[in-house]
Every structure is written in structure tokens, then in C-alpha cells.
1. In a shell of Cβ-Cβ distance under 14 Å around residue 130, excluding residue 130 itself, what net charge do Lys and Arg (+1) and Asp and Glu (-1) give?
2. Whenever you get a sec, compute what percent of the accessible area on region 1-75 sits on carbon and sulfur atoms (1.4 Å probe).
3. I need the phi-derived Karplus couplings for region 20-32: 6.51 cos²θ - 1.76 cosθ + 1.60, θ = phi - 60°, integer Hz, Gly and Pro marked x.
4. Relative to the Cα centre, what is the charge dipole magnitude of region 34-145, using +1 at the beta carbon of each Lys and Arg, -1 at the beta carbon of each Asp and Glu, and rounding to the nearest 20 debye?
5. Would you be so kind as to identify which of 69, 35, 51 lies farthest towards the positive end of the dipole of region 34-107, taking Lys and Arg as +1 and Asp and Glu as -1 on Cβ and the Cα centre as origin?
6. Arranged from highest to lowest average of other beta-carbon atoms within 10 Å per residue, in what order do the peptides 24-36, 41-53 appear?
7. Could you give the size of the charge dipole of region 166-232 about its Cα centre, using +1 on the Cβ of each K and R and -1 on the Cβ of each D and E, expressed in debye and rounded to the nearest 20?
8. Once amide H atoms are built 1.01 Å from N in the peptide plane, which residues 5 or more positions from residue 16, or in another chain, come under 5 Å H to H?
Amino acid sequence: MTTNPNGEKVRLAISGTYSTGKSTTTEALSIATGIPRTHAKTSREILMDIVPGKLVQELSAMELIKLGLRRFEERVANESLPGSFISDGSVVHEWVYGEARMRVGINPGASWGLRTLKKASGFRVRRFYQQYMDIYGDLTKARARRLYDAYVHLPVEFPMHVDGHRPVSEEFRLLSDELLLRTLAELGLPYHVVRGSIADRVAQIVELFDLPLAVSIPDAIDQAQDRVRAATDVLESDARLHHARRHKSLARRVAYALRY
């Protein structure tokens with residue numbers, strides 16, 4: 001079990017929306033301190049198992065709920081082990097992304113016309129989904145209060161990485177960031193907003209929580225970037241992802257557009 005110099009267990013969640021450098025920062029911090037990193041699989045990884053042949057932007061509201069619940073399940077399992085950990089994201093992230101979709105549209109990266117069509121098609125069921133999200137939010141917040149000792153939030157500082165997969169817009173990203181900060185204040189747990197380069201962030205977090213250093217910060221960042229790059233390469237080479245990216249017929253695209 002890795003602790004700080006006072007012998008205290010550290011259960012730290014790193015918060016941040018899309019393209020904030022969360023995974024690289026968390027990986028580097030874990031390597032530098034020797035504290036295990038926990039995370040949920042990416043949406044792309046999970047989709048290949050639960051909804052094969054689809055991209056996130058093609059999912060219905062119920063399929064998005066299924067995706068969120070699977071990621072929540074993974075976080076609960078991975079973070080239930082005894083000892084210290086540094087979490088890449090947290091249990092409230094799945095709720096925040098769902099809540100942001102309720103406000104911006106379930107496919108926030110789509111055109112205004114498509115989002116309007118989606119909203120109209122979901123008129124009869126939106127109330128149910130909003131009630132579900134409210135209850136889901138209560139559960140994830142209660143879990144976070146029991147699970148984490150503190151949060152570190154990484155604000156939006158870097159341009160959004162456009163990789164053809166993230167079905168998000170800048171509006172969605174900024175709203176998610178705002179919702180995360182509001183939620184952290186509501187939780188009542190200690191939290192810190194950390195800015196700057198990856199090296200600046202890791203150094204600040206180490207100092208804030210008096211964490212041990214097992215590997216120098218520059219070396220930890222080099223290793224973290226290699227690991228994140230290797231994981232992305234493995235995913236990109238998966239034939240199931242290329243199958244999901246194949247061109248869909250017009251009829252199928254219209255069917256996806258009309259299905260809430």
C-alpha cells in the first residue's frame with residue numbers, strides 16, 4: 001500500500017472533461033508516486049462489446065445509459081480494492097456527461113438540424129430520462145463522498161482533440177467542465193483546481209498532497225506518454241473499431257437520426 005509520508009492512505013480522483021490531459025496527467029502521477037492508477041475502459045472499448053458496429057454518436061438514449069452504467073460498474077469494481085489509488089476520472093463523470101447530453105442533445109457533436117430532430121423525436125420520453133439522470137446523479141454523488149478523500153480538477157486549457165470518435169462539441173465540453181466544478185463544490189470534499197503543463201500539474205499535485213516520488217517527474221511523463229500512445233494504437237488497430245467506422249447506408253443513418 002502506497003501512502004504519503006504521514007502513513008495516510010490516499011484516494012485521489014482526477015477530474016476533467018474531454019481533452020484536458022486527464023489520462024496523461026493521471027498516468028504520469030501514478031508512475032511518479034508509485035500509487036496505482038484506476039480507470040474505466042474508454043467508450044470505444046466498451047462499445048465494441050455491448051453495441052458492436054456503432055460509434056458513440058450513433059447511440060440511442062437507452063444505449064448511452066447502458067454505456068454509462070458499464071463504465072460506472074467498472075469504476076466501482078476497480079476502486080473497491082483496499083489501499084491508495086489515483087483515479088482517472090471518477091464515478092460522477094458518467095452522470096455529468098449524461099446530464100450535459102440532456103441539456104445540449106444526446107449527440108452533441110451533430111449539426112444543429114440533427115440535434116433539433118433528435119430532440120423532437122424524444123419529446124415523449126425526455127421526462128423519464130431526466131428523472132433517471134436525477135436519481136443516477138444522487139447515487140454517484142453519494143458514492144463519491146464515501147469513496148474519495150479529495151479531488152483535483154483539470155480545467156479546459158488545451159484545444160479539443162478531434163479524432164473522429166469524440167462526439168462532442170466545444171459547447172458540450174465547456175458545459176461538462178462547469179457541471180464538474182459545481183458537483184465538486186456540492187460534494188463537500190476537498191478539491192483543488194490545477195493548471196499548466198503536465199509537468200506543472202504533476203508537481204503541484206505532489207506538493208498539495210505531500211506524495212512520495214519514486215520516479216522523477218520528467219521520466220514519469222515520458223513513460224506516461226508512451227503508455228497512452230501505445231493504448232491508443234492498440235485500440236486503433238482493432239478490426240471491430242474499423243467495422244464501426246464503415247460508411248453506413250442513407251437509410252441506416254436516417255434511422256439513427258430519428259431514434260431517440
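The values are calculated or read from the model by the stated rules, or taken from the named source; none is laboratory data. Please read all numbers here as calculations on a predicted model, not as lab measurements. So basically every Cβ, Gly included, is an ideal-geometry build from the backbone, and we count neighbours across all protein chains shown. Keep in mind that these areas ignore ligands, DNA and RNA; they rest on the heavy atoms of the full protein, side chains included. Shrake-Rupley method; radii C 1.70, N 1.55, O 1.52, S 1.80 Å.
1. Details: positive: 101, 103, 119, 124, 126, 127; negative: 99, 134, 138.
Once all neighbours under 14 Å are counted, the net charge is +3.
2. Numbers: 1310 of 2710 Å².
Roughly 49 percent, rounded to a whole number.
3. Running phi through 6.51 cos²θ - 1.76 cosθ + 1.60 with θ = phi - 60° gives 10, x, 4, 5, 5, 4, 5, 5, 5, 5, 5, 5, 5 Hz.
4. Numbers: 19 positive and 12 negative charges, 93 e Å.
With Lys and Arg at +1 and Asp and Glu at -1, about 440 debye.
5. It is 51, whose Cα lies furthest towards the positive end.
6. Values: 24-36: 23.6, 41-53: 16.2.
Descending packing order for the listed peptides: 24-36, 41-53.
7. Working: 7 positive and 11 negative charges, 37 e Å.
Dipole magnitude for region 166-232 comes out near 180 debye.
8. Distant-sequence amide H within range of residue 16: 154.
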